[in-house]
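Data block below; observations after.
Any read-out appearing in this document is the output of simple, stated calculations on the displayed coordinates, not a laboratory observation. Just so you know, these numbers come straight off a predicted model, no measurement behind them. Positions of Cβ are generated from backbone atoms using ideal geometry, with glycine treated the same way; all protein chains shown enter the neighbour counts.
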């Protein structure tokens, strides 16, 4: 029983990291209505950038964010501008292939994942940083975790707040929300629709890069890592409501808790399956998710 | 996208009001002969690749019946293939049922599972549908990877099942060489192409295309969306399960990771999309172009540049979606009709001049 109770904070911490990854996906969908299947590989790419910075220049990933997040922002901006935009324009003319953007991002995911496979090989790479070495304990020593995991949770919260702030309190955010609500009307009011899309896409990928920095501290970098996080972050985002920023975080925490507590009560496998079942039930009962707006 | 444009490449003007028998079918015939003779005398490795070409052409065609014609994107077809493969193999290993029979038991079972999965999935549209199909496939994969037995039949979890070799025996669908597998797969491919052709020209096909073009309009015309989607799902699941049974017999080894994994689903979808979704020959053209390239690349660069062939897959996919929205099929068909126009146009012209002179 004690183990079960202790699993809850573990799950919340893990869920914070999950939620942070899911944020990017949610932001992109919320604005552009594009499901970015390349999400997982973009996370992987940013992890490798941090890894290279750390190995070659000894830069801690937390500091590396200053360089990697803008790079990933530009990367996302470019993907939207050169790959997604032409498809959106084409689909506006005919609704024959509503799935083509999804297909494109799947292909892009493959290309990116295996590009890194060719460069770095399939081996698992970990780094030992200061934060991952510091063990945090409660006074009675019952609950232990590492500082890096706690930072990941805090980063998730900060990231969610930062995104919320950008979208709700700045002029740029107002424009982006206007575009998200009604593309045509926003365009008529003089908002550059596709620039807003590109910025939103860039922001989503940059948010991903930030969570990548936290993740690499206690996980590893490997070209296939994206697949696992990709599928999981879809489920989290759908659970919380596609496009909802708090939904992504809360969805992540629900997932983290189900996984860790489930692993204590039943087996880890059953817990993973339970999370899939939970996902399907939520989709069937309330496709907009727990916090999604219609 | 209108039906008229999709007719076989009899693009040359019809003068007599009557076409020559071969017209519009000539290249089909050439390819049929080519496919029927090409593996003979080839090395075992080449034959292996040729079997894979047909196998993926078949899988992508099965996927195409649901996803190409109705216009939904399923990334859960690997699960359906896996159910077919596991049913056939378990029946063979534990009850000694011939894979010929097991194949159809598996196919019917998978069809039913497909319909059951379809009920919740088809309530969703667009990305939600895709995500649900992924979730179902992953659910089954995780389950099988960690389950030692189903109904008392050992499945050996993630380590997979080795299919016992029952000798060079037609009755047990077990052959020593690759050639019999090749012709079996060719026959299966011809069957599914004929069925796709039949659907393409039937009312069912028109319903499917109507749903793809505009689901709301189709529904308002009285097409029951769920019913036709489920019919599409059943046909698609049925055939992909047969592909799974073939896979088990051909490789004589199945495991949940490989056959239920997302990679397999994506690969099937990719081939169909690159070739041309919603077209009879699209998936086959996709497989004929992609599989040899990727197999050869993985053979020559597998050690030095692992993943190169999958990288190419991804790049081709992006380029095709961006620049050839109708798939390579469209270009191939146009090339054929141009060639035929050249060929038959000359004959017809000769006839015509002969007639006007007389």
(message) Averaged across B:303-309, how many Cβ atoms of other chains sit within 10 Å of each residue's Cβ atom?
(response) 4
(request) Calculate how steeply helix B:308-323 sits against the longest principal axis of the alpha-carbon atoms of chain B, using the helix alpha-carbon long axis, and give the answer as 0 to 90 degrees to the nearest 10. (result) 40 degrees
(request) Can you grab the distance from the C-alpha centre of the range A:143-171 to the C-alpha centre of the range B:162-180, Å, no decimals? (result) 58 Å
(message) Between helix A:225-240 and chain A, what is the angle of the helix's C-alpha long axis to the longest principal axis, kept within 0 to 90° and rounded to the nearest 10?
(response) 70 degrees
(request) Any chance you could list the semi-axes, whole Å, largest first, of the equivalent ellipsoid that the Cα gyration tensor gives for the range B:152-210, using √(5λ)? (result) 35, 20, 9
(request) Compute the separation of the alpha-carbon centres of the range A:207-254 and the range A:59-135 and state it in Å as a whole number. (result) 13 Å
(message) Kirkwood Rh over alpha-carbon pairs of the protein assembly as shown, then Stokes-Einstein at 4 °C and 1.567 mPa s: what D in µm² s⁻¹, rounded to an integer?
(response) 49 µm²/s
(message) Starting from a Cα-only point model with no solvent, please compute log10 I(q)/I(0) by Debye for the range B:108-173 at q = 0.21, 0.23, 0.24 1/Å.
(response) -0.96, -1.01, -1.03
(request) Kindly rank A:28-38, A:109-119 from highest to lowest mean number of other beta carbons found within 10 Å of each residue. (result) A:28-38, A:109-119
(request) For residue B:190, put the label point 7 Å out on the Cα→Cβ axis and report which residues of the range B:41-68 keep their amide N under 19 Å from it. (result) B:41, B:50-59, B:61-62
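With N denoting the number of residues in the range A:2-285, provide Rg(C-alpha) divided by 2.2 N^0.38 Å, to two decimal places.
Normalised Cα radius of gyration, the range A:2-285: 1.01.
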(message) Restricting to DSSP H runs of at least four residues, report the calculated mean residue ellipticity at 222 nm for chain A, -39500 (n - 2.57) per run over all residues, nearest 500 deg cm²/dmol.
(response) -25500 deg cm²/dmol
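Please sort B:51-58, B:35-42, B:179-186 by packing, taking for each peptide the average over its residues of neighbouring beta carbons within 10 angstrom, highest first.
Descending packing order for the listed peptides: B:51-58, B:179-186, B:35-42.
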(request) Mind pulling the angle between the C-alpha long axis of helix A:268-285 and the longest principal axis of chain A? Nearest 10 degrees, somewhere in 0 to 90. (result) 30 degrees
(message) Relative contact order of chain A, please, whole-number percent, based on alpha carbon pairs below 8 angstrom and at least 6 residues apart.
(response) 40 percent
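Provide the FRET efficiency to the nearest 0.05 for the residue B:319-residue A:137 pair, computing r from the beta carbons and using R0 = 41 Å.
Values: r = 54 Å, r/R0 = 1.31.
About 0.15, to the nearest 0.05.
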(request) Using Cα centres only, tell me the gap between the range B:82-124 and the range B:220-264 in whole Å. (result) 9 Å
(request) For residue A:270, put the label point 7 Å out on the Cα→Cβ axis and report which residues of the range B:107-140 keep their amide N under 19 Å from it. (result) B:139-140
(request) Return the distance in nm (one decimal) between the two label points of a simple spin-label model at residue A:89 and residue B:154, each offset 7 Å from Cα along Cα→Cβ. (result) 6.2 nm
(message) Need one value for B:261-273: mean number of C-beta atoms belonging to other chains within 10 Å of its residues' C-beta atoms.
(response) 3
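Which whole-number percentage describes the relative contact order of chain B, with Cα contacts under 8 Å and a sequence gap of 6 or more?
This gives 31 percent for chain B.
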(request) Compute the FRET efficiency between residue B:301 and residue A:82 as 1/(1 + (r/R0)^6), taking r as their Cβ-Cβ distance and R0 = 22 Å, and round to the nearest 0.05. (result) 0.20
(message) Residues of the range A:204-225 with the amide nitrogen closer than 17 Å to a label point 7 Å from the Cα of residue A:181, along Cα-to-Cβ, please.
(response) none
(message) If I model a spin label at residue A:118 and residue B:28 as a point 7 Å from the Cα along the Cα→Cβ vector, what separation in nanometres do I get?
(response) 3.9 nm
(request) Rank by packing, highest mean first: peptides B:121-128, A:253-260, with packing defined as the count of other Cβ atoms within 10 Å averaged across residues. (result) A:253-260, B:121-128
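Need one number: convex hull volume per residue for the range A:32-80, Cα atoms only, in Å³.
In the range A:32-80, the Cα hull volume divided by residue count equals 73 Å³.
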(message) Let me confirm one metric for peptide B:120-133, namely the mean number of other chain beta-carbon atoms within 10 Å of its residues' beta-carbons.
(response) 5
(request) Report the label-to-label distance for residue A:4 and residue B:220 in nanometres (one decimal), using points 7 Å from each Cα along the Cα→Cβ vector. (result) 5.4 nm
(request) Give me the percent of Cα-Cα pairs in chain B that sit more than 25 Å apart, rounded to a whole number. (result) 57 percent
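Subtract the Cα-Cα distance of residue A:195 and residue A:33 from 0.36 nm times their separation in residues, and report this length gain in nm to one decimal.
So the extension gain works out to 56.8 nm.
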(message) Could you work out the relative contact order of the range A:1-100? I mean the mean sequence separation of Cα pairs under 8 Å and 6+ apart, divided by the number of residues, in percent.
(response) 11 percent
(request) Could you tell me which of rounded, prolate or oblate describes the range A:5-58, using a ≥ b ≥ c as the square roots of the eigenvalues of the alpha-carbon gyration tensor, with rounded for a/c under 1.5 and, failing that, prolate when a/b is larger than b/c and oblate otherwise? (result) oblate
(request) With no solvent and one equal point scatterer per Cα, compute the Debye intensity ratio I(q)/I(0) for the range B:193-351 at 0.10, 0.19 Å⁻¹ and report its log10, rounded to two decimals. (result) -0.53, -1.33
(message) Let's test the formula: R0 of 30 Å, r as the Cβ-Cβ distance of residue B:37 and residue B:94. What FRET efficiency results, to the nearest 0.05?
(response) 0.15
